[in-house]
Each structure stands twice: as C-alpha cells, then as structure tokens.
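Report on the structure given below.
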Amino acid sequence: MKGAILKIENSIEKTIIEFLKKGLDKKLFDALLIPVKVPAGDSYAWVLVQDKALLEDANPLPPVMSVQGAKALSSITRRGKSNKKIAAIMRPCEIRASIELSKLQQIDLENICLVSIDCPGALPLKDYLEDTKKGIDTFKKVIKEWGNESVRPICQMCDKSVGLSIQSDLHIGILGAKNNEIYLIPSSQKGKSILEEIGIPAEESTDNWEKKTKEFVETRKKNRKKAQSTLSEKVMGLDNLLETFSNCINCHNCQSVCPICYCRQCYFESEKMKLSSDDYLIRAESKGILRFLPDTLLFHIGRMTHMSLSCVGCGACEDACPMSIKVAQIFSMVGDKSQKVFNYTPGKSIEEQLPLKVYEEDEFHEVEKP
Amino acid sequence: MKDDFEPTIIGFLCRWCSYAGADLAGTSRLQYPPSMLPIRVMCSSRVDPVFIITAFLRGADAVLVAGCHPGDCHYIEGNYYTRRRFACLRKIFETLGMESDRIRLSWISASEGPRFAQVVTDYTDKIKKLGPNPAKKEIFL
C-alpha cells in the first residue's frame with residue numbers, strides 16, 4: 001500500500017486541518033463535516049463548515065464521541081445526495097456506520113468524501129464532562145500511548161479502529177509513523193485524486209504503519225475475546241439478563257442515539273406497545289406481580305434482533321445510558337455472533353449486501369426442524 | 001408432576017400452507033394435543049422476531065413458526081427471508097443463554113395435514129420434557 005506523508009507541524013490535529021484547508025482552497029470539496037468545540041468549550045459538535053477561518057476550533061479526533069458522525073451525515077443526505085462536495089472527517093466506527101446507513105438508504109454517499117483517522121478510542125462522555133481540562137490531558141496521553149485504559153471499555157476491545165480494513169476514501173494514519181509524520185492513505189479513486197490535486201501523490205511506502213496497525217489489531221482482538229468471554233458469563237441466562245438490565249429505566253436513549261436505529265417510528269415506541277389495563281392486569285394476575293415500566297428486556301432483546309447485524313460497536317448507546325448499563329458491550333457481543341452466522345462484517349464494504357436482504361435457496365437447513 | 005404440565009405453544013402459521021395444513025388436520029379428524037394456539041399470518045416472513053420474543057417472555061412455553069416449503073412460498077421468496085431471520089434469532093438466543101429449543105421453524109404444506117399433527121405432537125412432547133418456560137415466574141421482566 002502506498003501513501004503520502006505529511007510532516008507534523010504544531011500538532012497532529014493542526015496538520016490535518018491545514019491539509020483539509022488546502023482541499024477547500026483547491027475546491028476539491030466545498031465543505032467539511034467535522035467536530036468543532038462548542039462555544040462553552042466543554043464538548044464537541046458536528047459542524048458543516050465552508051469558511052476556513054472557522055476551522056480554528058475544529059478537531060478531527062476529539063476526546064469524546066458526543067454525536068455519532070453517521071447520524072450527522074445521515075441528517076444531511078437522507079433526502080437525497082448532497083449537491084456540493086462534502087468531506088466528512090470521522091472515526092472508523094462512524095465510517096462503518098455511514099456505510100451501513102448508505103446500504104439502508106439513509107445516507108447518499110455520492111459527493112461525500114469519507115476521511116477516516118486511526119482512532120485510539122474515545123473517553124467516556126461522563127468522565128470527560130466531569131472535568132474537561134483533565135479529560136483533554138488524558139486524551140493527549142491516550143493518543144501517545146495507544147492502549148491507555150481511560151478510553152471507553154467498548155473502545156478498549158475495538159479491533160477495527162486502525163489499519164487497512166477501514167473503507168473510507170482517504171485514511172489518515174497516525175499510528176506508527178516515524179519522525180513526526182502522518183500518513184495519508186487513499187483507499188478509493190476519490191481519495192487518490194484528492195492527494196494528486198493537492199500535489200502530494202501517494203508514492204511513499206506505508207510499511208511501518210501497516211506493521212504497527214497489524215500488531216495493534218492483534219492485541220485488540222485478544223482484548224476483545226477476553227472481554228467478551230468475561231461478559232458472556234455475566235449475562236448468559238434469563239436470570240443474569242434480568243439482573244443486567246434490571247436498572248433500565250426505559251428511557252430509550254440507547255435507541256435514539258444509535259446510528260443504525262434509523263426507523264422514523266420505532267416499534268417499541270409505537271401504539272403497539274401501549275396496551276390496555278386489562279392486558280397488564282391479566283399478566284399481573286398470572287404472576288402475582290408485575291414490574292412497571294414493563295417489557296424492558298423485550299425492548300433490549302427486540303432491538304438486538306432489529307439492529308445487531310449492522311451493529312458497528314461504536315458505543316454511543318453506552319455513553320447515553322443514564323444507568324451505566326453495559327449496553328454497547330452486550331450488543332456488540334451479540335452482533336459479533338449474529339454477524340458471523342452470515343459471515344458479514346458491517347461497514348466492511350459497500351458492495352456487501354445486508355444479510356436480511358438476500359438469500360440462497362440452499363442454506364441454513366440446520367434451523368429448519370423436520 | 002411434569003406429566004400434568006400441558007405446554008402452551010404459540011404457532012405462527014402462514015395463511016397459504018401451514019394454516020391450511022392445520023385445517024386439513026382438523027377436517028381429517030386427526031388427533032393431536034390441544035397445546036398449540038394458532039395465529040394466522042399472511043406469510044411466515046411477516047413474523048417479526050419481536051413477536052417470538054414477546055410470546056417467549058410472556059411465558060409461552062414454545063413458539064412455532066411454520067410456512068410453505070422453500071420454493072413453494074405464495075409470495076415466491078418470503079420463506080427464504082424467514083429462514084435467515086430465524087437463523088439470526090436462534091443465534092441471539094444461544095448467545096444470551098436462552099433456551100433455543102423453545103423456538104422452532106418448520107415447513108408444512110397445505111396438503112400435509114398428518115404432518116402438521118405430527119409436528120405438534122412431537123414438539124409438545126419435547127417441550128413437556130423441557131418443562132415450563134422459566135420466564136413465566138420471573139417477576140422483574
């Protein structure tokens with residue numbers, strides 16, 4: 001794989017911003033979709049920006065993931081393609097969610113240039129907001145150390161945050177670059193021509209980055225396996241499941257921040273879930289007791305059946321859970337298993353069809369009972 | 001004790017094949033346990049996995065989804081999708097440590113009255129051995 005090399009000036013973030021500014025200058029894209037510090041200074045918001053002067057507070061790799069990028073991109077293009085060229089700078093999980101959403105017809109990727117960046121993880125939103133100054137310092141350490149345990153548990157077990165598996169147009173490699181350099185690796189024709197237009201064609205070897213990212217992915221894969229086997233012991237079985245989700249206050253935050261949950265009307269918020277008092281009374285009578293609000297476990301397992309095949313494990317749900325339930329870890333574990341049934345990896349490729357949209361006549365005979 | 005246990009099986013039967021198969025079993029006066037509560041759906045692929053989970057968590061001892069044999073779907077390809085969804089649901093059941101034997105997918109055509117009776121008999125026997133659904137007793141569900 002060949003890439004271009006950029007010398008770091010000031011900081012990684014500033015170098016990337018300077019590069020993006022060049023792209024705006026040369027009209028390679030008309031606008032950027034990028035996280036920018038909010039005026040209060042304590043968090044980040046997605047901003048669609050054309051004015052270079054407003055890029056001062058932009059950060060291509062913010063310490064937290066406040067809104068999932070794919071959700072931002074979807075709100076721009078779900079009614080059809082963008083008429084101007086937009087470069088979206090996102091974390092790999094946001095790229096993967098965007099690809100899933102484009103398959104679900106919620107994002108139109110025409111005229112969108114997806115720019116991904118090696119991601120060491122994001123800090124838990126709660127930790128960061130408690131003390132933003134400390135958060136920023138911690139995140140500096142995170143970028144330096146690659147493997148720091150202050151990032152979210154779901155990030156610690158993420159094995160798709162770096163390297164060649166990311167299907168963006170242009171990837172920014174910050175892991176394993178030598179001598180204050182970063183790599184720009186094109187993975188599509190769009191990305192290639194952007195580098196050529198800017199005058200830094202992808203001709204340099206990226207072997208060092210490839211080697212380092214491969215090692216990193218291996219460690220993460222091990223982490224994932226270990227974390228999931230511990231987790232699985234804790235949640236397996238109806239009793240354990242009930243215990244895990246017993247704190248759930250039915251706020252549906254996890255669903256409303258999930259990039260994959262795009263339905264305008266969620267089944268679990270529809271009239272179908274509003275039942276008559278008789279229904280509850282009958283249930284209470286047969287058990288002798290009934291918890292309210294009811295059907296929380298149904299909501300979670302039901303949501304798994306609806307979205308786990310496309311779950312990219314971004315962790316937005318866990319960040320949004322007011323009761324600190326390990327939603328993301330559980331959902332991505334279930335996702336891994338169900339995706340494996342179809343040999344499907346969400347966000348891996350735009351050509352790969354969603355498993356429930358296709359079929360073969362001769363398959364899965366093991367689930368049919370004579 | 002277990003001999004007294006009469007399971008409740010919720011059956012989602014497709015309108016074109018399996019429901020007609022059930023009808024045929026009835027009109028042919030075939031004997032089978034009265035354990036199954038049939039719900040007629042237009043196609044087995046109409047069954048959202050959430051329906052199955054709802055039945056299961058509300059204490060149904062088992063859920064049967066039945067449709068036309070692959071290749072015979074009234075809507076040409078509905079049951080192929082059913083099978084994929086069902087494979088996914090089974091995996092989720094297994095991953096969460098829930099009893100995947102309590103959900104079943106079978107193909108029963110309109111002419112297979114005896115087969116319908118056989119499926120219900122066999123499945124009822126199996127669930128009898130398995131015992132009542134533990135979800136029935138869970139309070140904080």
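The values are calculated or read from the model by the stated rules, or taken from the named source; none is laboratory data. Keep in mind it's a predicted model, so treat the numbers as computed, not measured. Virtual Cβ from ideal backbone geometry, glycine too; neighbours counted across all protein chains shown.
Any idea which residue in region A:213-247 is farthest from the other protein chains (Cβ to nearest Cβ), counting only those that are of a type in the set (A, V, I, L, M) and touching a residue at least 12 places away in the same chain (Cβ under 8 Å)? Give the derivation first.
Quick first cut of region A:213-247, residues of a type in the set (A, V, I, L, M) only: A:217, A:227, A:231, A:235-236, A:238, A:241-242.
In the following step, the residues that additionally are touching a residue at least 12 places away in the same chain (Cβ under 8 Å) were identified as A:217, A:227, A:231, A:235, A:241-242.
Details: A:V217: 23, A:A227: 15, A:L231: 11, A:V235: 7, A:L241: 6, A:L242: 6 Å.
Among those residues, the one meeting the criterion is A:V217.
Answer with yes or no whether A:D279 is within 14 Å of another protein chain (Cβ to nearest Cβ), part of a loop (DSSP other than H, G, I, E, B), more than 20 Å from A:N240 (Cα to Cα) and out of contact with any Ser or Thr (no Cβ under 6 Å at 6 or more places or on another chain).
Numbers: within 14 Å of another protein chain (Cβ to nearest Cβ): yes; part of a loop (DSSP other than H, G, I, E, B): no; more than 20 Å from A:N240 (Cα to Cα): yes; out of contact with any Ser or Thr (no Cβ under 6 Å at 6 or more places or on another chain): yes.
So A:D279 fails the test.
With the structure loaded, tell me whether A:S116 is in a strand (DSSP E or B) and either crowded, with 23+ Cβ neighbours inside 10 Å or at pLDDT 95 or above (or both) or whether it fails that test.
On the way: in a strand (DSSP E or B): yes; either crowded, with 23+ Cβ neighbours inside 10 Å or at pLDDT 95 or above (or both): yes.
Yes: the conditions hold for A:S116.
Give me the residue from region B:31-68 that is touching a residue at least 60 places away in the same chain (Cβ under 8 Å), out of contact with any helix residue (DSSP H, G or I) (no Cβ under 6 Å at 6 or more places or on another chain) and more than 10 Å from every other protein chain (Cβ to nearest Cβ) and, out of that set, farthest from B:D101 (Cα to Cα).
B:Q31
Which condition from (1) surrounded by fewer than 19 Cβ atoms within 10 Å (Cβ to Cβ); (2) modelled with pLDDT under 95 is the one that A:L238 breaks?
(1)
Which residue out of A:C261, A:C254 is assigned to a loop (DSSP other than H, G, I, E, B) and touching a residue at least 12 places away in the same chain (Cβ under 8 Å)? Quick ask: steps written out before the conclusion?
Working: A:C254 fails: assigned to a loop (DSSP other than H, G, I, E, B).
The match here is A:C261.
For region B:99-141, give me each residue that is crowded, with 21+ Cβ neighbours inside 10 Å, out of contact with any Ser or Thr (no Cβ under 6 Å at 6 or more places or on another chain), hydrophobic (A, V, I, L, M, F, W, C) and not in a helix (DSSP H, G or I).
If the condition is that a residue be crowded, with 21+ Cβ neighbours inside 10 Å, out of contact with any Ser or Thr (no Cβ under 6 Å at 6 or more places or on another chain), hydrophobic (A, V, I, L, M, F, W, C) and not in a helix (DSSP H, G or I), then B:I103, B:L105, B:W107, B:L141 are the ones that fit.
Count, please, the residues in region A:326-370 that happen to be assigned to a loop (DSSP other than H, G, I, E, B), in contact (Cβ under 8 Å) with a residue 24 or more places away in the chain, among the hydrophobic types (A, V, I, L, M, F, W, C) and surrounded by fewer than 20 Cβ atoms within 10 Å (Cβ to Cβ).
The total comes to 2.
Counting only residues that are within 16 Å of B:L13 (Cα to Cα) and either in contact with a Leu (Cβ under 6 Å, 6 or more places away or on another chain) or more than 10 Å from every other protein chain (Cβ to nearest Cβ) (or both), how many does region B:83-120 have?
12
Looking at (1) touching a strand residue (DSSP E or B) at 6+ places or on another chain (Cβ under 7 Å); (2) within 12 Å of chain A (Cβ to nearest Cβ); (3) outside any helix (DSSP H, G or I), find the lone condition where B:G71 falls short.
Going through (1) touching a strand residue (DSSP E or B) at 6+ places or on another chain (Cβ under 7 Å); (2) within 12 Å of chain A (Cβ to nearest Cβ); (3) outside any helix (DSSP H, G or I) one by one, B:G71 breaks only (1).
The rows are residues; the columns are (1) under 12 Å from the mean Cα position of the chain (by Cα); (2) under 29 Å from B:S28 (Cα atoms).
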site: B:S44; (1), (2): yes, yes
site: B:D48; (1), (2): no, no
site: B:A60; (1), (2): yes, yes
site: B:P70; (1), (2): no, yes
site: B:E77; (1), (2): no, no
site: B:A87; (1), (2): no, no
site: B:E94; (1), (2): no, no
site: B:G97; (1), (2): no, no
site: B:L105; (1), (2): yes, yes
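Can you name every residue in region B:44-57 that is assigned to a loop (DSSP other than H, G, I, E, B) and surrounded by 21 or more Cβ atoms within 10 Å (Cβ to Cβ)?
So the first thing to find is which residues in region B:44-57 are assigned to a loop (DSSP other than H, G, I, E, B), and the list is B:47-48.
Correct list: B:V47 only.
Looking at A:E149, A:E243, A:E210, A:E181, which one is outside the structural domain of A:C311 (by TED's automatic domain parsing), over 19 Å from A:S116 (Cα atoms) and not small (G, A, S)? Before you say what the answer is, go through the steps one by one.
Working: A:E243 fails: outside the structural domain of A:C311 (by TED's automatic domain parsing); A:E210 fails: over 19 Å from A:S116 (Cα atoms); A:E181 fails: over 19 Å from A:S116 (Cα atoms).
From the options A:E149, A:E243, A:E210, A:E181, the qualifying one is A:E149.
How many residues does region A:301-322 hold that are among the aliphatic types (A, V, I, L, M) and away from chain B (no Cβ under 14 Å)?
3
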